[in-house]
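Everything below concerns the one structure shown next.
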Amino acid sequence: MPSHLFADRSAAQPPERDAVEALITQARRLRGGLDAVRRETSAVGEEHADPQLRWQRALCDLAVHHLDDLGGHLDQLREGLPADPDTAPEEELLPAAPPEPADHPRGSLLSRVGSAEWNLLTDEVSWSEELFGIFGRDPAEGPLTLDELPSLVFAEDQQLLTTMVTDCLVDGRPIDGEFRIVRADQSVRTVHMVGEPVLDADGSTACMWAVLRDVSELRRSQRAVRETRDSLQRQRHRAQTEHRLAVELQEAVLPPWRGSLRFPQGGPVALDLAARYLPSGTSALIGGDWYDALQLPDGRTLLSVGDLTGHGATATSGMAMVLGALRGMAVSGQEPGPLMGYLNQLLDSSAQPALGSAVCCRFDPATRQLVWAQAGHPAPLLFRGGTGSPLNPPEGVLLGATTGAHYTQRREQLAPGDLLVLHTDGLVPRRSHGPLSAHEGAERLLSLAPRFAAARDAQDCVRVVAEEFGGAEREDDACVLIARVSG
């Protein structure tokens, strides 16, 4: 505020009171709306908030500080304007400002802005009452001179303050900078100081005035925004890296073939095979779904599909472990039932416990007999003569759920032209009011029987499934493996 000692300085016309009142009204309405947003972001406890929510909350706090500062400045501006006798009192015209909580650390808006004037001709110093509050100084002790002011300033910031004051007094430059102070109660505050020199008739600096604002809470909010933004960016980077690793691991582990495959090759009876991995339509996360077809040393064929809980690199690494173990035990001659039991032990004793479901089938081309077992997984669907039905499942619980679980197996006699469909449960999308049951999912697959009967080979059947279930509404990734008996 310009000194009254130098009233010959040109003064701008004061703003219209109505314009200031309108701005105050707008600021208070914004403040009220922002409070509603803050309540929404505070509905989740801090221990449950993810970085995105913490960043939003920090942005709300920062916006509140800016609006509070704006409201305080507008209030000060209005106090300095002449009252309009034809206007009702402001309390009757304007909505009440949102009350601060009793324990609010910032105090009233106006108490964070104070003013000072240092007269170089008379050595007089004038501080506003608010400035004493900002510095935590008893008014009875009197204001600080420019020489005494650095005694309360952080040692690292004293040179900055000295430079600002020197530039103002010697070169006539305006002041605009921040420094930290240590109050008598040892609390640290950040003060933003703006001001300018007042010149006498000879052009020499006669005094310096300044407005000082406590911006401690504002800077704290800005730091919180930066930190939460950086945390969110780091989380996104980690998620992108993990997604890339999961994709690479999945591509390395799943069978490399994409078109139709025939096992065993060259025999009179064989399986025409095709499979596909279907990513989630609503998430970029990779799950632990797998499919596999392996020709065994004795000429029989192993078919399997399964799913481990979780997403990302942890799920795909667990899937790689399970699939590797399954292949190894199948090559060694293990039957599907005991094989499920060994996989259960593997997951139960793993350093990173997980649950999984799986179905394992072994087909003998010499007898066209299928031996299979399952662990909490949807049963394979058998299509014959233009209709389909699920196989009657043997006993089996989820992998990793029960120590020492027992898994039985069943035998099915297949015929030429039979079609087997193995799939994971993520193939079927969820309804808005709850998950689809296994029966409902099977019914949707079974309704494709006419299209399967008209298909040329297993690859065409996979395309039918992809067209039916490949939409964006599916919430999880899935695998489908189709085998048609030839000969």
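The values are calculated or read from the model by the stated rules, or taken from the named source; none is laboratory data. Please read these numbers as outputs of a predicted model, since none were measured by experiment. As a convention, Cβ positions derive from the backbone with ideal geometry for all residues, glycine included, and neighbour counts pool all protein chains shown.
For the stretch 464-481, give me each residue that is under 35 Å from the mean Cα position of the chain (by Cα) and modelled with pLDDT of 90 or more. Of everything in the stretch 464-481, those that are under 35 Å from the mean Cα position of the chain (by Cα) and modelled with pLDDT of 90 or more turn out to be Val465, Val480, Leu481. Residues in the stretch 326-353 that are of a type in the set (S, T, N, Q), over 16 Å from Thr316 (Cβ atoms) and in a loop (DSSP other than H, G, I, E, B): Ser332, Gln334, Ser349.
Checking Asp147, Asp185 one by one, the residue that is part of a loop (DSSP other than H, G, I, E, B) and either surrounded by 12 or more Cβ atoms within 10 Å (Cβ to Cβ) or in contact (Cβ under 8 Å) with a residue 24 or more places away in the chain (or both) is Asp185 and no other.
To keep it simple, each residue is scored yes or no on (1) closer than 24 Å to Leu199 by Cα; (2) free of Cβ contacts under 8 Å to residues at least 24 places away in the same chain.
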{"residue": "Phe132", "(1), (2)": "no, yes"}
{"residue": "Ala140", "(1), (2)": "no, yes"}
{"residue": "Val153", "(1), (2)": "no, no"}
{"residue": "Val165", "(1), (2)": "yes, no"}
{"residue": "Asp171", "(1), (2)": "yes, yes"}
{"residue": "Pro174", "(1), (2)": "yes, yes"}
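Residues that are assigned to a loop (DSSP other than H, G, I, E, B) and surrounded by 15 or more Cβ atoms within 10 Å (Cβ to Cβ) within the stretch 396-407 comprise Gly396, Val397, Leu398, Gly400, Ala401, Ala405, Tyr407, listed in sequence order. Inspection of the stretch 419-430 finds no residue satisfying the criterion of being modelled with pLDDT of 95 or more, under 16 Å from Gln369 (Cα atoms) and assigned to a loop (DSSP other than H, G, I, E, B). Considering Leu355, Leu343, the condition of being under 21 Å from Thr301 (Cβ atoms) and touching a strand residue (DSSP E or B) at 6+ places or on another chain (Cβ under 7 Å) is satisfied by Leu343 alone.
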